[in-house]
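K.L.:
Sharing a structure, written as structure tokens. Questions coming.
The values are calculated or read from the model by the stated rules, or taken from the named source; none is laboratory data. Bear in mind the structure is a predicted one, so any value in this text is a computation, not a measurement. Cβ atoms come from the backbone with ideal geometry, glycine included; neighbour counts cover every protein chain shown. Surface accessibility is based on the protein's heavy atoms, side chains included, excluding ligands, DNA and RNA. Shrake-Rupley method; radii C 1.70, N 1.55, O 1.52, S 1.80 Å.
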Amino acid sequence: DPIKLMKQEVGKAAANRVQSGMIVGLGTGSTTAYAIEFIGNRLKSGELKDIIGIPTSFQAEVLAKKHGVPLTTLDAVDHIDIAIDGADEVDPQKNLIKGGGAAHTREKVVDAFADQFIVVVDSGKLVEKLGSTFLLPVEVIPMALAPTLRAIEKLGGKPELREGIRKAGPVITDQGNFVIDVKFNTIENPAELEKALNNIPGVLENGLFVGVADLILVGEVQEGQPVVR
Ligand code: DER
């Protein structure tokens, strides 16, 4: 499966940038899952020492424990050296849409705080304009669902409440909130839209990551071989 190959390769490339003694932000999603696995492998082999991770979700926490990556919390560190995280879309200015895993609230805290935020994506995530292939996730507190839906429509969005697949009713985030996925025809000014959305009473965080990513690692398959650029 070429996509899986790309995700593994780019996850490994990110994990290889972690140096002993680092505090590492651990992102959420299937691509970052490989990076966490490879960090664990490097710890087991002794090649890497004294790593401590800050998870961005229950998923990251479970994976880190499974692969033997020690964890701590943001109140126990004064910096994060590298955050590794995925994305649903990446534009040419390195702005992102994230939140496919409904984890974007904690991800933005960790990714923005890190000295270096490394994004790991397969080449299918690269877009010219944000919003062209992926709905924009917005985390809202449940009691404000109705007014936030109306406010998002006023901004030109077409919002829909994210329903669970193996859970009846709406998806519930790690904070106990709802996620609204929003279709915008075009997102001309991501920075402005990010601010406008977060200024709606009841909105906790949205999946636009503007000016946060430092390095984009892209997994591709060339002549059947996975490469990273
Ligand atoms: O939820 C998130 O923001 C994840 O990082 C997601 O956007 C990327 O997940 P994937 O690597 O499984 O595509």
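K.L.:
Please give every one of the lysines within straight-line cross-link reach of Lys129, meaning a C-alpha to C-alpha distance under 27 Å, and leave out same-chain neighbours fewer than 8 residues apart.
P.N.:
Lys4, Lys7, Lys94, Lys98, Lys108, Lys154, Lys158, Lys183, Lys195
K.L.:
Might you tell me the accessible area per residue for the chain, computed with a 1.4 Å probe and given in Å²?
P.N.:
46 Å²
K.L.:
Give the relative contact order (percent, whole number) for region 123-187; include only Cα pairs under 8 Å separated by 6+ residues.
P.N.:
In percent, rounded to a whole number, it is 46.
K.L.:
Next up: I want to verify a result. In a Gaussian network model of the chain, Cα cutoff 10 Å, which of these has the top mean-square fluctuation: Thr28, Thr56, Thr173?
P.N.:
Sorting by GNM fluctuation, first place goes to Thr173.
K.L.:
What list of ³J(HN,Hα) couplings, whole Hz, do you get for region 68-77 from phi and the Karplus terms 6.51, -1.76, 1.60, once you set θ to phi - 60° and write x for glycine and proline?
P.N.:
x, 9, x, 10, 8, 10, 5, 7, 9, 10
K.L.:
I need to check one value: relative contact order of the chain, counting alpha carbon pairs closer than 8 Å and at least 6 residues apart, in percent.
P.N.:
Rounded, it is 23 percent for the chain.
K.L.:
Kirkwood hydrodynamic radius of the chain from all distinct Cα pairs, in Å?
P.N.:
17.9 Å
K.L.:
Need the C-alpha centroid separation for region 15-79 versus region 177-221, integer Å.
P.N.:
25 Å
K.L.:
Could I ask something else about it? Share of the chain's accessible area from carbon and sulfur, percent, 1.4 Å?
P.N.:
So the carbon and sulfur contribution to the accessible surface is 54 percent.
K.L.:
With springs connecting C-alpha atoms under 10 Å apart, model the chain as a Gaussian network and identify which of Lys195, Lys12, Lys158 has the largest mean-square fluctuation.
P.N.:
Looking only at Lys195, Lys12, Lys158, the largest GNM fluctuation is found for Lys195.
K.L.:
Please give the net charge around Glu9, taking every other residue with its beta carbon less than 11 angstrom from that of Glu9, where Lys and Arg add +1 and Asp and Glu add -1.
P.N.:
+2
K.L.:
Okay, next question. Output the relative contact order of region 1-60, whole-number percent, from Cα pairs under 8 angstrom with separation of 6+ residues.
P.N.:
Worked out over region 1-60, it gives 41 percent.
K.L.:
While we're looking at this one, here's another question. Give the Rg/Rh ratio for region 1-85, taking Rg as the radius of gyration of the Cα atoms and Rh as the Kirkwood radius, to two decimals.
P.N.:
Checking Rg against Rh, the ratio lands at 0.95.
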